[in-house]
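Engineer: Pasting in a structure now, in structure tokens, and then I'll have a few things to ask.
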Amino acid sequence: MTTSSIRLVFTLAASLALTSAAFAAPPTKTGKTDKGNVLTDAKGMSLYTFDKDMDGKSACNGPCATNWPALKAEASDAPGDGYTIITRDDGSKQWAHKGKPLYTFAKDTKPGDITGDGFLNGAWHLAMP
């Protein structure tokens, strides 16, 4: 194989890798609950949004984040299709859907649990697709 052929192969491979990263699967799935379909994490755990959050900014830090773990984004993750990645106060990355940061609830123990819905006088809500 000539040097130019090798370069062409590497260029095509790199192009394919970038294309698949740009069209990565969304960070959530959809799960069925007693309240209808909701967004879930990869393990099937229900996801929630918090009324005190502002678009692109989490208000749930410290003890709040212990009870409501953020749906973490990895450095290699790429936003798209209604999903964005925000930076939390501690510098970690978190997924947001339609501008709203996404969380799980520590007291949900199995897929389909929705015990956090309406928590804190209705400030926490199931994340809907």
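Engineer: Which members of the stretch 76-105 meet the condition of being in contact with a Pro (Cβ under 6 Å, 6 or more places away or on another chain) and closer than 18 Å to K43 by Cα?
Structural biologist: Q94, W95, T104
Engineer: Okay, moving on. How many residues, within the stretch 27-56, are in contact with a His (Cβ under 9 Å, 6 or more places away or on another chain) and either among the basic types (K, R) or not in a strand (DSSP E or B) (or both)?
Structural biologist: 4
Engineer: To continue, here is another question. Quickly run through the stretch 80-129 and pick out the residues that are assigned to a loop (DSSP other than H, G, I, E, B), exposed (fewer than 14 other Cβ atoms within 10 Å of the Cβ) and polar (S, T, N, Q).
Structural biologist: Result: S92, T109, T115.
Engineer: What's the number of the only condition in (1) in a loop (DSSP other than H, G, I, E, B); (2) under 17 Å from I114 (Cα atoms) that A59 fails to meet?
Structural biologist: Exception for A59: condition (2).
Engineer: Mind listing whichever residues of the stretch 80-129 are without any contact (Cβ under 8 Å) to a residue 12 or more places away in the chain and of a type in the set (V, I, T)?
Structural biologist: If the condition is that a residue be without any contact (Cβ under 8 Å) to a residue 12 or more places away in the chain and of a type in the set (V, I, T), then T87, T109, T115 are the ones that fit.
Engineer: So which of D55, D113, D77 is over 15 Å from the mean Cα position of the chain (by Cα) and of a type in the set (D, E)?
Structural biologist: Just one listed residue meets the conditions, D113.
Engineer: Only residues that are closer than 14 Å to A127 by Cβ and surrounded by fewer than 21 Cβ atoms within 10 Å (Cβ to Cβ): list them for the stretch 53-67, please.
Structural biologist: Within the stretch 53-67, D53 is the sole residue that qualifies.
Every read-out reported here was derived from the displayed coordinates using simple, explicitly stated rules and does not represent laboratory data. Just so we're clear, the structure is a prediction, and the values are computed from it rather than from any experiment. Counting neighbours? That spans all protein chains shown, and the Cβs are built from the backbone with ideal geometry, glycine included.
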